[in-house]
Amino acid sequence: MNAFGIFTQLLQLLLTVLLAPLLLGWVNQCRAWLQNRKGAGIEQPYRKLRKLFYKDAVIANNASPLFRMVPYILFGSMCLAAAIVPSLATDLSFSAAADAIALVGIFALARIFISLAAMDIGTAFGGMGARREMLVGFLAEPALLMVLFTASLISHSTSLTETVETLAHRHFEIYPSMAFAAIAFLMVLLAENARIPVDNPASHLELTMIHEAMILEYSARHLALIEWASSIKLFAYVSIGIALFVPWGIAQASDWLGIAFALPILIAKLLAGGFGLALIETVMAKQRIFRAPEFMGTAFLFGVLGMLVHFLLGA
Amino acid sequence: MSISSQFINLLASILLLLAFAMLSQRRIKSLIRLFMVQGMTLVVSTIVIAVTTNQSHLYSSALLTFALKVVILPLILYRLIKRLNVEWDVETLLNIPSTMLVGIAIVIVSFNLALPISHLAGTITRSTIGIAMACVLLSLLMMITRSKAISQVIGFLSMENSLFFAATSTTYGMPMVVELGVALDVLVGVLILGVFFFQIREKFESLDLKHLEKAEGE
Amino acid sequence: MNGLAIDLIVFAAIFWIALGLVGLAARNNPVFVRWVIFPLGALVGALVAVSAFLADAPETAISPLGLPDLPFHLRLDSLSSFFLLILGSATVGISIFSAGYFRNEEKHLGTICLQYHVFLAAMTFVLLADDAFLFMVSWEAMALSSYFLVTTDHKIPEIRSAGFLYLLMAHVGAISILLYFGTMGGDHSFDAMRKTHLSDVQATFAFLLAVFGFGAKAGILPLHVWLPEAHPAAPSPVSALMSGVMLKTAVYGLLRVVFDLLHMELWWWGVLILAIGLATALFGAIFSAVQSDMKRLLAYSSVENIGIIFVGLGLAVIFKAYSMNALAALALVATLYHCLNHAFFKSLLFLCTGSVLHATGERNLGKLGGLIHKMPWVAWTALVGALAIAGIPPLNGFVSEWLLLQAFLFTPGLPHSYLNMLIPVAAAALVLTGAAAGYVMVKFYGIVFLGQPREETLHGAHSTGKWERAGLLWLALGCVFLGLAPFFVIRHLAEVSMLLVGANISPDKAGWLFLAPISPERASYSPLLFMVVTLCAIGLAFLAVRRFYHGRMRRGSPWNCGYPIRTSRMQDTSEGFGQPIRQIFEPFFRIGRELPSPFDSAPRYSAKTEDRFWYWIYLPFARAVEYMAGIFGKIQQGRILVYLLYNFVTLIALLMFVQ
């Protein structure tokens, strides 16, 4: 554990936590542009967070302590996820503590807690949202793991930093298995972040909502933390995508100058990624909820195929 | 591995990806689009092989593929579905994940079947034989799971594409005569099938092949 | 402590039997039995665990008991000491819990106490046995004592039939194990079996018999049917013991047979175990998602976990068959660690259901809810168990899952192209079961402990007593400890893997803080660091919110999108929560559904999901047996003369044969 590792670790964590709402704002803004709307500006999520933090919290009479703990747990675990996904540099001192499998574990942790919180009040919507979230997660979690495994097979390591370093810095090589992984990953990203073909982040339509149904009972600072955590989750997912599929430009070990270069490259990639996401959400239609298992099942099988192709082609 | 063979591997896996995408695609129009992309992938792979191995006849083969599979056949098919008015038809499929599961089993089996052949082949792209074989079988699987006549034809055409890929990647292409012959066959085949479609529709007012089952006894 | 550990453990087992007898004698003084005998039993469990943990090198002993010329051989090697550790440490929690739990069972307490302690002692001797004779005797004693425990409430017909099914399957399995020992030949001591060398065919035959026999005990597909019947029927501490510990004796038996007694591995044995395990795991996960009885749900979850254990075992056999010993060691360590973990979290959850059952008298998930307010102790410890079983870091279930996945990621080295490709697919399926476990646990926990009480009667639910709390706390702390500090146990497991596959994983390289089975570059995981950082992040977030904003909060009625009518009946039922899984995996179930008509004044809906295996295998088999019995029944005439004739003919035939 060197000073540089700790510095990049903290820098990346701080950047992620602070910039995450900006990415969400950018995606929403792009979506507005694509739909011929003016949009609320990319800083809108910050305004929303600020407003929510200043409000008085109202929670249901029969809420248990678990209900009040969950927003913090969610926020904490998403910070952890943001810390171990190499987005800025591959020299992260904390990455030894949690590898790719643990990363999936963190997402599972967050998912289970938010589902439990949704069931805590005992409303019809909460239970419905929890059930749907678990259904999506039940297939998305293995799919994500398969994607990460495909990358791990290439680098012979489940350590995320090790994997990204292999993909980014060793001599250029095409990995066909990553083509499958990329498609699977994109589907997982959309599903896990409550984006359009599976869930609609902008709607409170009872019959279709998943994520929103779970957090209906939250207000004020609890809601703010959850919203913030979800934006960090989106950021973490986009970072995983960048790290696995377009890792070039990430800072090398012990390279101060590298970070200075890596930051603008990362921001450019995030902007492009956010725009792509908005584009997908604009051209696709929301699926029926019964189609979601099929969608996720396809993602999972694409992930498995990615692993297989790795063996087929020996690369 | 040289960069060109890596590139061929990438194209091979794109072909596999397309085969799976076709397997799980419900819309006929999107199927045709996928078929077009498949054709384009073939063209690129042929050109890459041509460049790396200096086989000049592969250039003309690529040109032929482009003309036939990226331009003419999709155009014919588009016109067909437009005139048959099935442009937006959606097929009811078996459960997609289970079809894909069968597909994965096919990939594993066909790769292992192709293993001895690929050990023999000395070309730069020998590991793609398994994939080409898997694509052939997947196209066949697609034909099995479909009930509409047009999607079956697309399945047939994509099978031909996979065979073509197998040929170019293992033996650097077939003799030009054979290739021309096959191309002509495919073209004529599609034209005749197009006529068939109209006949079938006129008779049964649908393109669903289950009507043909009943017709057997007549 | 040479020879001391085994003596201590034998002493402990005998002490257990003695405790049981004292309990039976003192059955008129239930308070004494509960508050003295059971806690003493827990202490003995601690003794077993400690002496098993500290025991080094194989220790043997010969007991003077047994038949003439056939003394009992006992042996404590690292494998049995690890399983004794499981037995002892889980028993501590379960026995303490029992001290409080059996307060309503005053009438049967004496017999329960005896059966319970005999059950413990029998399991101890199963793990210590070094000859076929002692093994079978204790195996049968274990089956019988647990049968009597299962049928504690024998007045209820369902429980009687569950007990019968259990006994039947236990005996079919036992016969198979007996036959296995028969094929091994020799003088039936394990030492002799280790020395004999069988041909491939003989060994395979023996192996299949062992898989069938131990599989019937473990509840692998398709021999699992007794498990979801018998485990829920028993009183909760007994369910905990059966699920948490007894199933592991079957795993122990299979490990002993494959790696030690047969000491040869064919690769397809591994594939067979792996395939069975995978099918079992998927089956268990899917079925537990659709259960409405909380103990049945946990029983199916046990089926799933046994499946996962078998997957690891199969992988270890495959690696060993190709002499990749280090990887075999990794898979084996993952398997064994999962055995230990499962003993803790499954016992914990079964005990929690016991507390819920006592407090509410209700096992049906559809009639529970909101118990976190009434029984906070049970709810919070159950949360630990549920998260652990769902494989959530930093708890213990994740550690074994992590190790197993690491083992799977090494399969590219296998020199067999089909295996090379099929095993990643198996890994994918395994991951799927892990995710399904999460689904099941959210269902279980959310419906039992969260939300609003679904029945009026639940408002009267009371919290648990001190003994129960202590027992639950022990197991929950065990889950946390095993999750945070896997290093200590895994170092201990190195000896086991050395014994069985001749290699070990080297956790020492990365230090005690990190878990890095191969090398730190390859993969590392540090649960403690993980936990500390998460807690720091949570704490900082909390402090920051308090510091920069405010902590103002008020209570109100739930928002619920503004719908005015809200009753507790509008919550998701257990059927509702399981519905998506039921829909996706419909072909797996045999579903009987009763839908209300629109004109019913009191509409009722019921859905029953049943196991297809019951109809595919068991019922036809039972019919065939009945038919055969009918045929053989014809020779029973009921007349004494005919029977005498049979005797006469048999006698003549035998005499001729002997001559």
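Every read-out reported here was derived from the displayed coordinates using simple, explicitly stated rules and does not represent laboratory data. The shown structure was predicted, so the numbers you read here are calculated from the model rather than taken from an experiment. Cβ: placed from backbone, ideal geometry, glycine included. Neighbour counts: every protein chain shown.
Values for this structure:
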read-out	value
Extension reserve of the residue A:265-residue A:287 stretch, reckoned as 0.36 nm per residue once the Cα distance is removed	4.5 nm
Alpha-carbon gyration tensor eigenvalues x 5, square-rooted, for segment C:265-547, Å	36, 23, 16
FRET E, pair residue C:591, residue B:102, Förster distance 22 Å, beta-carbon r, rounded to 0.05	0.35
Residues listed by number, segment B:61-80, amide nitrogen under 19 Å from residue B:40 label point at 7 Å toward C-beta	B:62-79
Theoretical ellipticity at 222 nm over chain A - DSSP helices of four or more residues, -39500 (n - 2.57) apiece, nearest 500	-24500 deg cm²/dmol
Residues listed by number, segment C:439-466, amide nitrogen under 14 Å from residue C:364 label point at 7 Å toward C-beta	C:454-458
Hull-based mean projected area of segment A:3-313, where the convex hull spans the alpha carbons, in square nanometres	15.7 nm²
Total formal charge among the other residues, if their Cβ is under 9 angstrom from that of residue C:73, Lys/Arg +1 and Asp/Glu -1	-2
Shielding by partners - mean other protein chain Cβ count within 10 Å, residues of A:65-78	4
Number of partner chain Cβ atoms within 10 Å, mean per residue of C:561-570	3
Cα-projected label distance for residue C:563 with residue C:624, points at 7 Å along beta-carbon direction, nm	5.1 nm
Anisotropy class of segment A:45-137 from Cα gyration tensor, a/c 1.5 cut	oblate
Tail weight of P(r) past 24 Å, computed on alpha-carbon pairs of segment B:1-94, percent	32 percent
Neighbour-count order for A:79, C:536, A:30, B:135, fewest beta carbons within 10 angstrom listed first	C:536, A:30, A:79, B:135
Values of log10 I(q)/I(0), in the order q = 0.12, 0.13, 0.17, 0.23 Å⁻¹, for segment A:160-254 under a Debye, Cα-only, solvent-free model	-0.53, -0.60, -0.83, -1.15
Filtered chymotrypsin sites (Phe, Trp or Tyr not before Pro), segment A:116-174: DSSP coil and at most 11 other beta carbons within 10 Å	A:172
Segment C:300-359 and segment C:507-572: distance between their alpha carbon centers, rounded to Å	26 Å
Charge context of residue C:588, other residues only, Cβ under 12 angstrom, K/R +1, D/E -1	0
In Å, descending, principal axis extents of the Cα set of chain C	98, 67, 57
Charge tally in the Cβ shell below 13 Å around residue C:464, where Lys, Arg are +1 and Asp, Glu are -1, residue C:464 excluded	+3
Of A:162, A:43, A:192, the one that fluctuates the most in a GNM where chain A has Cα springs shorter than 10 Å	A:43
Computed label-point distance, nm, for sites residue B:147 and residue A:252 using a 7 Å Cα→Cβ extension	6.0 nm
Angstrom value of the Kirkwood radius, inverse mean 1/r, which spans all Cα pairs in segment C:591-659	17.5 Å
Stretch gain in nm, segment residue C:103-residue C:513, where the contour uses 0.36 nm per residue and the Cα spacing is subtracted	143.3 nm
Residues C:224, A:156, sorted so that the one with the fewest Cβ neighbours within 10 Å comes first	A:156, C:224
Label-point separation in nm, residue C:192 to residue C:651, each point 7 Å along Cα→Cβ	3.4 nm
Cleavage-rule hits, trypsin sites (Lys or Arg not before Pro), segment C:460-554, DSSP coil, Cβ neighbours within 10 Å at most 12	C:552
From the C-alpha gyration tensor of segment B:125-168, square roots of 5λ in Å	22, 10, 4
For segment C:1-194: rounded, prolate or oblate by the Cα gyration tensor [a/c cutoff 1.5]	oblate
Difference of contour (0.36 nm per residue) and Cα-Cα distance, residue C:604 to residue C:477	41.4 nm
Which of C:504, C:460, C:548, positive extreme of dipole for segment C:444-566 (C-beta unit charges)	C:548
Angle between chain A longest axis and helix A:44-54 axis [Cα atoms, degrees, rounded to 10]	50 degrees
Neighbour cut-off at most 15 other Cβ (10 Å), DSSP loop, GluC sites (Glu not before Pro), segment C:101-198	C:106
Three semi-axes of the equivalent ellipsoid, the protein assembly as shown, Cα gyration tensor, whole Å, largest first	52, 39, 32
Residues of segment A:181-221 with amide N under 20 Å of a point placed 7 Å along Cα→Cβ from residue C:548	A:219-221
